[in-house]
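Student: Sending over a structure as structure tokens; questions will come in a sec.
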Amino acid sequence: LNVEFSYTQIGLLFVKHNLNINAVFLILISPIILFFYVKEMKQMKSKYNLSYEVKIVLKNKEKYVLNGFLDTGNRLIDPITNKPIILLEKGILDEKNNTFYYVPFHSLNNQNLLKCLRPEYVEIDNKKFNNYLIGISDKKFNFDGVKCILNNKLMEEL
């Protein structure tokens, strides 16, 4: 850009003008670039602020350390015990050694039963929680390495 805009050709000679187009170009474009950079960084920061390392310890002493995402839309609660439910991706737990029970739930498009179990405790950010249930989702989550979706109630307790 500097050669193209600040030099003119007169015959076989190139003459440099006093106009430095690089400085003008940077002054005009840099606020736009900074705006988009700050916007993307805020979005990325808010996304990763909701990610937590979750340690799940079951009654049979099996331990799982997973990447969890705090979803404000997850408001699943067991209607009998009033315990919030943390959703886990299918295929992570060894289902043969655990006792499950089914919790009815209503989603946007259907009503179904969710396979749940009571863990010994769930540890998030070195805080232990005993009053949560683990629900096994039928589908895989399409997030960045997220294996469990945390309940909205955790926002109050974390």
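The values are calculated or read from the model by the stated rules, or taken from the named source; none is laboratory data. For clarity, every value in this text was computed on a predicted model and none was experimentally measured. With ligands, DNA and RNA removed, areas are computed over all heavy atoms of the protein, side chains included. Shrake-Rupley method; radii C 1.70, N 1.55, O 1.52, S 1.80 Å.
Student: By how many degrees, between 0 and 90 and to the nearest 10, does the Cα long axis of helix 21-49 differ from the longest principal axis of the chain?
Tutor: It is inclined by approximately 0 degrees.
Student: Continuing with the same structure: Can you list residues from other chains, or at least 5 along the same chain, whose modelled amide H is less than 5 Å from the amide H of Lys153?
Tutor: none
Student: So, one more: Summarise the accessible area of the chain (1.4 Å probe, protein heavy atoms) by the percent that is carbon and sulfur.
Tutor: Answer for the chain is 57 percent, counting heavy atoms of protein chains only.
Student: Continuing with this model, one more query. Do any of Lys42/Lys115; Lys45/Lys96; Lys63/Lys96; Lys90/Lys128; Lys45/Lys83; Lys83/Lys127 go past 27 Å between their Cα atoms, and which?
Tutor: Lys42/Lys115; Lys45/Lys96; Lys45/Lys83
Student: Still on this structure, I have one more. Multiply the residue separation of Asn60 and Ala23 by 0.36 nm, subtract the distance between their alpha-carbon atoms, and state the gained length in nm to one decimal.
Tutor: Here the answer is 6.6 nm.
Student: Over region 84-158, what number does the Rg to Rh ratio reach, with both radii from the alpha-carbon atoms and Rh per Kirkwood?
Tutor: Answer for region 84-158: 0.95.
Student: Read through the labelled values [x] -0.65, -0.80, -0.86, -1.05; [y] -0.60, -0.75, -0.83, -1.09; [z] -0.49, -0.67, -0.77, -1.12 and report the label of the one computed as log10 I(q)/I(0) by the Debye sum over Cα atoms at q = 0.12, 0.14, 0.15, 0.18 Å⁻¹ from the structure.
Tutor: [y]
Student: Can you list residues whose amide H is under 5 Å from Tyr121's amide H, if they're 5+ apart or on another chain and H is modeled 1.01 Å from N?
Tutor: Val57
Student: For the chain, what does the accessible surface come to per residue with a 1.4 Å probe? Please give it in Å².
Tutor: Result: 70 Å² of accessible area for each residue.
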